[in-house]
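*Asks:* Quick one: this structure, given as structure tokens, is what I'll be asking you about.
The values are calculated or read from the model by the stated rules, or taken from the named source; none is laboratory data. Quantities reported herein were computed from a predicted structural model and do not represent experimental measurements. Positions of Cβ are backbone-derived with ideal geometry, glycine not excepted, and every protein chain shown enters the neighbour counts. Protein only, heavy atoms only, side chains kept; ligands, DNA and RNA dropped before computing areas. Shrake-Rupley method; radii C 1.70, N 1.55, O 1.52, S 1.80 Å.
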Amino acid sequence: MSLLIKNAKQIVAICANNEKFLASQQLSASFLVYQNVSLAVDRDGKITYLGQLDDLINQIPESEFDVVIDAFDKCVIPGLVDAHTHAVWAGDRVHEFAMKLKGASYMDIHKAGGGIGFTVNKTQEATEEELLELYLKRLNLMLKNGTTLVESKSGYGLETGTELKMLQVIEKAKSMQPIDISSTFCGAHSVPKGSNETEATMDVINNQIPAVVDCIKKGEMTVDNIDVFCEKGVFEN
């Protein structure tokens, strides 16, 4: 699909000198901002033109573009990358704000049965369809705020069935909306109630990861990363 974005008040470029990306101290440099320009993208997704609309139209008539967006008085920026999200879950923890306002720390809430443990219970109870509906709504909000690539974790299951359910939700969402998704298995997100760190670790290694690998081999899902929550009182060793 070819795209023309015309009449933009500003177009922001992160990399001004043909770099593939910027990192660390490079990001402190001022971004390159183009004023009152238009931009063309070919059917391979490559930006082929950035400049004055009249010059572009002399080369390619506007009618030849599949999509034309008039960005008059608007700013065009690169898509945002959200590299750490827990967007598949059920329930909410609004009640914990009162505890935080009274000075409770994250681990204080965790020890009191809130935090991850509370969300785990609600997520285990939810159906795959319910989780998918909630997840798609959250992705839509991210998209409206400029996110085009998101990393999404499991981790509110803490047992094989629910972890797989969350990963299946992430997999289904990849083809149902336009945001690119990098999937992460995070079975070691917390120690389940009634277990300890060693037992939880062995369950992840001996049960959860083999189940994930089996689903990948069957072509039921793709998983890009494995994550562990390394924190005092959770997975310390």
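*Asks:* How much of the DSSP beta bridge set in the range 9-91 is antiparallel, as a percent to the nearest 5?
*Replies:* Percent antiparallel among DSSP bridges in the range 9-91 is about 80.
*Asks:* Counting Lys and Arg as +1 and Asp and Glu as -1, what is the net charge of the other residues whose Cβ lies under 15 Å from the Cβ of Pro178? Can you show the working numbers first?
*Replies:* Details: positive: Lys137, Arg138, Lys144, Lys172, Lys174; negative: Asp82, Asp180.
In short, +3.
*Asks:* In square angstrom, rounded to the nearest 10, how much accessible surface does Thr127 have for a 1.4 Å probe?
*Replies:* 60
*Asks:* Next question, about the same structure. If you take the alpha carbon radius of gyration of the chain and divide it by 2.2 N^0.38 Å, what ratio comes out, to two decimals?
*Replies:* 1.28
*Asks:* Determine the order of Val81, Val213, Val223 by accessible area, beginning with the largest, at a probe radius of 1.4 Å.
*Replies:* Sorted by accessible area, descending: Val81, Val213, Val223.
*Asks:* Related question: With r as the distance between the Cβ atoms of Glu128 and Val213 and R0 = 25 Å, compute the FRET efficiency 1/(1 + (r/R0)^6) and round to 0.05.
*Replies:* Between Val213 and Glu128 the formula returns 0.80.
*Asks:* Of Met221, Met202, Met176, which has the most accessible area with a 1.4 Å probe, and how do the rest follow in descending order? Write down the numbers at each step before the final one.
*Replies:* On the way: Met221 5, Met202 85, Met176 105 Å².
Solvent-accessible surface, decreasing: Met176, Met202, Met221.
*Asks:* Lys6: net charge of surrounding residues, Cβ under 13 Å, Lys/Arg +1, Asp/Glu -1, itself excluded? Intermediate results must be reported in sequence, preceding the final value.
*Replies:* Values: positive: Lys9, Lys74; negative: Asp54, Asp55, Glu62, Asp70, Asp73.
Residues close to Lys6 contribute a combined charge of -3.
*Asks:* Okay, moving on. Among the DSSP beta bridges whose two residues both lie in the chain, what percent are antiparallel, rounded to the nearest 5?
*Replies:* 40
*Asks:* Another question about this same structure. Per 5 Å bin, what is the whole-percent P(r) computed from every C-alpha pair distance within the range 1-95?
*Replies:* Bins of 5 Å from zero give 3, 11, 18, 19, 15, 11, 8, 7, 5, 2, 1, 0, 0 percent of pairs.
*Asks:* For the chain, which whole percent of the accessible surface, found with a 1.4 angstrom probe, sits on carbon and sulfur atoms?
*Replies:* Reported share for carbon and sulfur atoms: 54 percent.
*Asks:* May I ask you to give the solvent-accessible area per residue for the chain, in square angstrom, as obtained with a 1.4 angstrom probe?
*Replies:* 60
*Asks:* Additional query: Starting from the range 124-227, pick out the trypsin sites (Lys or Arg not before Pro) whose DSSP state is loop and whose Cβ has at most 15 other Cβ atoms within 10 Å.
*Replies:* Taking the range 124-227 and a limit of 15 other Cβ atoms within 10 Å, the loop trypsin sites (Lys or Arg not before Pro) found are Lys193, Lys218.
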